């Protein structure tokens with residue numbers, strides 16, 4: 001349990017919003033809707049953080065955002 005306590009708050013927020021966006025994408029388009037999570041994560045890091053200069057772009061932030069989508073894909077593969 002201590003490992004979870006060591007995860008940065010910022011990364012947990014990326015995971016939370018990645019999960020939320022993944023649910024919306026699945027609800028709208030099925031598994032192909034998970035691309036919405038990838039696009040949203042990339043947009044946040046490349047456009048909002050880097051191009052607009054409103055944050056610090058970070059590859060790990062992007063990976064924490066798309067992690068829920070990857071988990072949904074693995075669950076789908078495991079169930080079939």
task = For an R0 of 22 angstrom, estimate the FRET efficiency from the Cβ-Cβ distance between residue 60 and residue 31 and round to the nearest 0.05.
result = 0.35
request  = Taking the chain as the reference, fit the longest principal axis to its C-alpha atoms, fit the long axis of helix 9-29 to the helix C-alpha atoms, and give the angle between the two in degrees, 0 to 90, nearest 10.
outcome  = 40 degrees
query = Can you pull the three principal axis extents for the Cα set of the range 30-74, in Å, largest first?
reply = 33, 17, 9
task = With everything on Cα atoms, drop me the angle between helix 59-79 and the longest principal axis of the chain, reported from 0 to 90° to the nearest 10.
result = 0 degrees
task = Calculate the all-directions average of the projected area of the chain's alpha-carbon convex hull, and give it in nm².
result = 6.0 nm²
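Bear in mind these aren't lab numbers, they're just calculated from the coordinates by the rules spelled out. What you see is a predicted model; the values in this text were computed from it and never measured. When we count neighbours, we look across all protein chains shown, and the Cβ atoms used for this are built from the backbone with ideal geometry, even at glycine.
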